[in-house]
């Protein structure tokens, strides 16, 4: 089945530790995105990548880092510099414009303890 | 940069009631418009989309939305809701040219009582 796989589904992290969230897609989409979802705030864009080896900061990139070494993979690292990392993280991808409907993974819920 | 406003944050309805969720966007150029739905415990999925043509678009499960360019609006409607429509609904917009990065509204939580 084609789709987007995020792992793990739940993640616990101690304060001060970096953690990497995985996102893999087999839809052959060029663009990939990371969003953070908090109650009442909708989806806020962290980083996006439109082609391999290139990515751009979104609205709330501070404390996060990404890489795009392969078309199908777009991992997100939540660093210790992120002041409030506990959240639900969503990865998405979309095909080349103009058909730009986004497809989402199941999400990863990160809790900092 | 574009932005999206959803006016209703929480909506509670009884089954068979009619639904309208408001969505307004700010962007000066041509846009693509979307409504996504997130059922409890499930991933976000597309409900309907507007790229061009007929401003009244129909989506899955009896939902429809109307694009009114003069009002920068893309309201979601359903004539008769069901308990299974309980979910969170997100309006999204991306410019038709340029980066095509989707911007989402804050979401509307809909609860339908049986």
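Read the figures in this text as sums done on the coordinates, not as results from a lab. Please read all numbers here as calculations on a predicted model, not as lab measurements. Virtual Cβ from ideal backbone geometry, glycine too; neighbours counted across all protein chains shown.
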* Structure fact -> Among B:22, B:62, B:53, the residue with the largest mean-square fluctuation in a Gaussian network model of chain B built from Cα contacts under 10 Å is B:53
* Asked: What residue among A:86, A:20, A:100 has the largest mean-square fluctuation in a Gaussian network model of chain A, using Cα springs under 10 Å?
  -> A:100
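Rounded to two decimal places and with Rh computed the Kirkwood way over Cα pairs, what is Rg over Rh for chain B? Spell out each step's value before the answer.
Details: Rg = 13.6 Å, Rh = 14.1 Å.
Using only Cα positions, Rg/Rh for chain B is 0.96.
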* Structure fact -> Checking B:39, B:50, B:25 against a Gaussian network model of chain B (alpha-carbon springs below 10 Å), the top fluctuating residue turns out to be B:39
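Of the DSSP beta bridges with both residues in chain A, give the percent that are antiparallel, rounding to the nearest 5.
Working: 34 of 38 bridges.
If I count the DSSP bridges inside chain A, around 90 percent turn out antiparallel.
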* Asked: Roughly how many nanometres apart are two label points built 7 Å out from the Cα toward the Cβ at residue A:7 and residue A:51?
  -> 3.0 nm
* **Taking A:9, B:78 and counting other C-beta atoms within 10 Å, the order from fewest to most** => A:9, B:78
* So, in Å, what gap is there between the alpha-carbon centers of region A:71-89 and region A:7-39? -> 6 Å
* For residue B:30 and residue B:61, calculate 0.36 nm times their separation in residues minus their Cα-Cα distance, and state this gained length in nm to one decimal. => 8.4 nm
* To do: Determine the percent antiparallel among the DSSP beta bridges restricted to the protein assembly as shown, to the nearest 5.
  => 90 percent
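Fewest first, what order do A:112, B:31 take by the number of other Cβ atoms within 10 Å? Write down the numbers at each step before the final one.
On the way: A:112 18, B:31 23.
Listed from fewest to most nearby Cβ atoms, that is A:112, B:31.
Please report A:34, B:83, B:35 as a ranked list, fewest other C-beta atoms within 10 angstrom at the top and most at the bottom.
Working: A:34 27, B:83 12, B:35 24.
Ranking A:34, B:83, B:35 by Cβ neighbours within 10 Å, fewest first, gives B:83, B:35, A:34.
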* Asked: Roughly what % antiparallel, to the nearest 5, for the DSSP beta bridges in region B:1-113?
  -> 85 percent
